[in-house]
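Notes for the one structure printed next.
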Amino acid sequence: MRHASLNPGELGMLAQLPAGHVGGYDAAGVVVRPAADGTGPAEGTRVLAFGPGAWAELLAVSSADVAPLPRGAALAEAAAWALLAPGATLQSIGWAGGEPAVFPPGSTFFPGAARTLSSFGDAAAVGADLGLLAVLLASGALSAQVGWRGSWERAQEAVRAVRERKVTGKAVIDVTPAPAPVSAPAPAPVSASDLGAGAGAGPGA
């Protein structure tokens, strides 16, 4: 994994999880080992993924829960994906803020295309949805609204910022640094003796 997001709901659940548990779900990175059955992206493909254990350097995820990231889409932004549009489904996660989710009479009525309010559970086989999000992100039609980004070494700082509601948008952790670009080797220097030898040689020598 190259990047993973920190969500308030996930941080709120940490106290209820056993020591050593690896949290996180939203991630983006590069395929190190493709699926043994040949499904899913090939090795070296930049991907958007959804699965438990995203706060780690390596993440094993089903090929049904991963999607290739188109050229032009930033990996860090892909880790903070989110989507809601007219006619879409809103997943209500009232416990993320630790307070009851209350809807006064009439508050769920809205003119226009119908919306659906449903409960939230463990998502599965979200590869197609991730693929759509990746295309929208690459085209500029969707913004991940990353409000904080930093190294894994600053994780505690990120957690405090999210818990204290100091982050506008998503917080993204750089799990592993991107590899440095490989540059072409510099040409060998030409010495004065090389130039002298060339100047003394004439046609037919």
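Quickly run through segment 36-50 and pick out the residues that are small (Gly, Ala, Ser) and surrounded by 19 or more Cβ atoms within 10 Å (Cβ to Cβ).
Gly40, Ala49
Determine if segment 144-164 includes at least one residue that is modelled with pLDDT under 85, under 28 Å from Gly9 (Cα atoms) and not in a strand (DSSP E or B).
Within segment 144-164 (the criterion being modelled with pLDDT under 85, under 28 Å from Gly9 (Cα atoms) and not in a strand (DSSP E or B)), the answer is yes, since at least one residue qualifies.
For a quick check of your reading: which strands (runs of 3 or more DSSP E) sit entirely within segment 9-87 and have at least 3 residues that are under 21 Å from Ala161 (Cβ atoms)?
In segment 9-87, 26-30 are the strands (runs of 3 or more DSSP E) which contain 3 or more residues that are under 21 Å from Ala161 (Cβ atoms).
Table: residues versus (1) hydrophobic (A, V, I, L, M, F, W, C); (2) in contact with a strand residue (DSSP E or B) (Cβ under 9 Å, 6 or more places away or on another chain); (3) more than 14 Å from Arg2 (Cβ to Cβ).
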residue	(1), (2), (3)
Tyr25	no, yes, yes
Gly29	no, yes, no
Leu48	yes, yes, no
Ala56	yes, yes, no
Ala64	yes, no, yes
Ala73	yes, yes, no
Ala79	yes, yes, no
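Does Ala4 satisfy being surrounded by 16 or more Cβ atoms within 10 Å (Cβ to Cβ), among the small types (Gly, Ala, Ser) and within 16 Å of the chain's Cα centre (by Cα)?
Considered against the rule, which asks whether it is surrounded by 16 or more Cβ atoms within 10 Å (Cβ to Cβ), among the small types (Gly, Ala, Ser) and within 16 Å of the chain's Cα centre (by Cα), Ala4 comes out as yes.
The values are calculated or read from the model by the stated rules, or taken from the named source; none is laboratory data. Small disclaimer: the values here were computed from a predicted structure and weren't measured. Note that we place each Cβ from the backbone using ideal geometry, even for glycine, and neighbour counts take in every protein chain shown.
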